[in-house]
Each structure stands twice: as C-alpha cells, then as structure tokens.
Amino acid sequence: KSNGEIDVWDFTSKSDRPLQTVRVCSGDIGCVKFWPHPEEKKGQLLAVGDAAGVLHVMELPRSLRRAVNGEKDRMEDFLQRETDRVKDVDGRLEGREAQIEELERRLAEEEAEAARRKKEEEAAAA
C-alpha cells in the first residue's frame, strides 16, 4: 500500500475487510516476500521493501503460519468460487461486447439509410 501498511486477510471468514493492518513504514511499500526463517523451527519471515530502499523483516506469528482445521478446504472452495465468478463475469462481458458490436452495426446501417434517403429527397426536390 502507498501508506506503508500491510493488510492481513482471512479469506475464509471475512473477505470484505482485512483481519488486521500493520504499519511497516511511512512511505510506499515496493515489494513483499515470504521467507523461511534461517532456523526452520522458528517459523517464517516476511521481508518488506519500501520506496526508500529500506528492507523491513518481520517474523510472522504462529497463528498466521498454521492452518486451522478445515482451513485449506475452505480456502480452496473460496478460490474456486472466485475463479468461477471471474469466468462468469468475463463470459457476460464477451456477450455484452457482441451485443454492442451488433448495435453499432445496426446504427451504422440506419445512419447510412437515413443519409441515402436524404440524398434522394434532395435530388427529388431539385
């Protein structure tokens, strides 16, 4: 985010807002990368680079590293629903684009017919 904050999301329960927001720096965040802790038993690190070139390294709490019962299945279901939703929207968009093209074609034909009639009327009046 451009305000130096990172949002922590729980897509399985509250996908409309972040579970938690953490301020990392005062400026723009340029990149984020998960990194295994050098001592594997200690967990996982999150490396965050800011616009000033400073690298911030944070250790993720255990609660953010360990899945609770059924979380993986719920997350897979959530991702599948979102994938299906995007496909549906894309399909409807393609259908709308075809409708727009057809309407534009009809409009062009009507405009051409109106111009032809106007010329005929002008020729008949002259």
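The values are calculated or read from the model by the stated rules, or taken from the named source; none is laboratory data. The model shown is predicted, which means the values in this text are computed figures rather than measured ones. Because the Cβ atoms are built from the backbone with ideal geometry, glycine has one as well, and the counts that use them run over all protein chains shown. These area figures cover heavy atoms from the full protein model, side chains too; ligands, DNA and RNA do not enter into them. Shrake-Rupley method; radii C 1.70, N 1.55, O 1.52, S 1.80 Å.
Output yes when any residue across the range 52-70 is closer than 25 Å to N3 by Cβ, touching a Gly at 6+ places or on another chain (Cβ under 7 Å) and modelled with pLDDT of 90 or more, and no when none is.
Taking the range 52-70 as the starting set, the residues that turn out to be closer than 25 Å to N3 by Cβ are 52-61, 63-64.
If we keep only those that are touching a Gly at 6+ places or on another chain (Cβ under 7 Å) too, we end up with 52, 55, 59-60.
Add one more test, that the residue is modelled with pLDDT of 90 or more, and what stays is 52, 55.
Scanning the range 52-70 turns up at least one residue that is closer than 25 Å to N3 by Cβ, touching a Gly at 6+ places or on another chain (Cβ under 7 Å) and modelled with pLDDT of 90 or more.
Of the residues M58, M75, only one is touching a residue at least 60 places away in the same chain (Cβ under 8 Å) and of a type outside the set (D, E); which?
None of the others qualify; the one that does is M75.
How many residues does the range 51-68 hold that are over 14 Å from D10 (Cα atoms), open to solvent by 100 Å² or more (accessible area, probe 1.4 Å) and part of a loop (DSSP other than H, G, I, E, B)?
Residues in the range 51-68 being over 14 Å from D10 (Cα atoms), open to solvent by 100 Å² or more (accessible area, probe 1.4 Å) and part of a loop (DSSP other than H, G, I, E, B): 0 in total.
For A47, work out the one condition from (1) open to solvent by less than 90 Å² (accessible area, probe 1.4 Å); (2) part of a loop (DSSP other than H, G, I, E, B) it doesn't fulfil.
(2)
Could you look through the range 12-26, keep only residues that are open to solvent by less than 80 Å² (accessible area, probe 1.4 Å) and at pLDDT below 75, and pick out the one that is farthest from A67 (Cα to Cα)? Break it down stepwise before answering.
In the first step, residues of the range 12-26 are kept if they are open to solvent by less than 80 Å² (accessible area, probe 1.4 Å); the result is 12-13, 15, 18, 21-22, 24-25.
If we keep only those that are at pLDDT below 75 as well, we get 12-13, 15.
Details: T12: 11, S13: 13, S15: 17 Å.
Here the residue is S15.
Results for (1) of a type in the set (V, I, T); (2) surrounded by 10 or more Cβ atoms within 10 Å (Cβ to Cβ); (3) in contact with a Ser or Thr (Cβ under 9 Å, 6 or more places away or on another chain), shown as yes or no for each residue.
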site	(1), (2), (3)
T83	yes, yes, no
E104	no, yes, no
E113	no, yes, no
E122	no, no, no
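Filter the range 38-51 down to residues that are touching an Asp or Glu at 6+ places or on another chain (Cβ under 9 Å), over 26 Å from E76 (Cα atoms) and at pLDDT below 90, then give me how many there are.
Total satisfying the criteria: 1.
Does G95 qualify as being part of a loop (DSSP other than H, G, I, E, B) and open to solvent by less than 60 Å² (accessible area, probe 1.4 Å)?
On the way: part of a loop (DSSP other than H, G, I, E, B): no; open to solvent by less than 60 Å² (accessible area, probe 1.4 Å): yes.
Considered against the rule, which asks whether it is part of a loop (DSSP other than H, G, I, E, B) and open to solvent by less than 60 Å² (accessible area, probe 1.4 Å), G95 comes out as no.
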